[in-house]
Amino acid sequence: MHSAIVLFFAGMLGGALNAVAGGGSFVAFPALLFTGVPPIPANATNTFALWVGTTASGGAYRNRFHLSRRVLLPLVATSVVGGLLGAFLLLRTPAPTFMKVLPWLMLGATVLFAFGKKLTGRNPSGLAHDATTTALVGASVFELVVAIYGGYFGGGVGIVNLAMLAALGMTDIHAMNALKVLLGAVINGVALVTFIVKGAIVWPQAVVMTVGATLGGYASAHYAQKLPPSWIRAFVLLVGMGMTVYFFGKAYW
């Protein structure tokens with residue numbers, strides 16, 4: 001019961017953070033580890049729990065998909081391939097090795113969260129309705145790398161995608177968020193299929209955390225406007241830095 005309560009509220013907080021700022025994995029994933037779930041099943045279970053709430057938020061952006069199929073299809077296709085590759089890579093990684101890699105992944109995700117806003121401020125020309133073949137190839141290669149990372153771990157993947165879209169010429173933040181949600185849903189969705197088939201998800205914990213994440217996401221959508229975004233970002237960064245230090249200590253000292 002104690003673990004269920006911890007996972008429920010961790011899922012709720014993770015879902016709320018993902019809905020308003022991102023970084024929900026910094027809370028939900030460590031909570032699974034702290035309640036005794038092994039590292040790789042914890043990663044798979046965290047992906048499932050937070051994917052439900054994040055994907056549901058895509059409905060708010062359904063009218064923002066203005067990209068042509070010529071631009072959208074290559075990005076979706078590379079997301080599918082990369083998500084599958086990342087998931088298979090995770091399942092073939094021994095748990096001790098994953099624990100050695102984990103703090104570096106969390107450090108990278110924290111840095112991306114800290115500086116993602118500066119990265120997404122770049123707006124050179126490139127990705128648009130009339131994108132050149134060269135721009136599409138570059139975007140697809142970039143998205144393949146992002147998708148492999150997302151299928152393997154996923155913390156900060158939304159920020160990486162926003163940075164990529166800005167660097168490739170998108171300027172409408174709502175359209176960028178719409179595409180970010182879509183690509184993230186594809187990446188984690190195909191990874192989840194792999195995790196389910198391979199039996200990597202711990203279902204009792206996944207159900208409890210998913211309920212919390214869904215409630216947290218809906219509640220935060222109502223109350224998020226009353227909190228300064230800087231406060232939320234600061235909280236996520238503090239949690240990310242704290243978890244990074246903790247897992248570096250656990251892995252190397």
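Values quoted throughout were computed directly from the atomic coordinates according to the rules given, and no laboratory measurement underlies them. Because the structure is predicted, anything quoted here is derived from the model rather than measured. Note: ideal-geometry Cβ built from the backbone for every residue, glycine included; neighbour counts use all protein chains shown.
Summary table
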read-out: Stretchable slack from F115 to T55, in nm (0.36 nm times residue separation minus alpha-carbon distance); value: 19.2 nm
read-out: Peptides ranked, highest mean first, by Cβ atoms within 10 Å: ranges 182-191, 210-219, 106-115; value: 182-191, 210-219, 106-115
read-out: Theoretical FRET efficiency, 1/(1+(r/R0)^6), r = Cβ-Cβ of W231 and I5, R0 35 Å, to 0.05; value: 0.90
read-out: Vicinal HN-Hα couplings computed from phi for the stretch 30-43 (Karplus, 6.51 cos²θ - 1.76 cosθ + 1.60; Hz; Gly/Pro x); value: x, 4, 5, 5, 5, 9, x, 7, x, x, 6, x, 5, 5
read-out: Vicinal HN-Hα couplings computed from phi for the stretch 203-209 (Karplus, 6.51 cos²θ - 1.76 cosθ + 1.60; Hz; Gly/Pro x); value: 5, x, 5, 5, 5, 4, 5
read-out: Cα-based convex hull, the stretch 75-117, per residue volume (Å³, whole number); value: 64 Å³
read-out: Spin-label pair L89/V245, simplified geometry with 7 Å Cα→Cβ offset, distance in nm; value: 2.9 nm
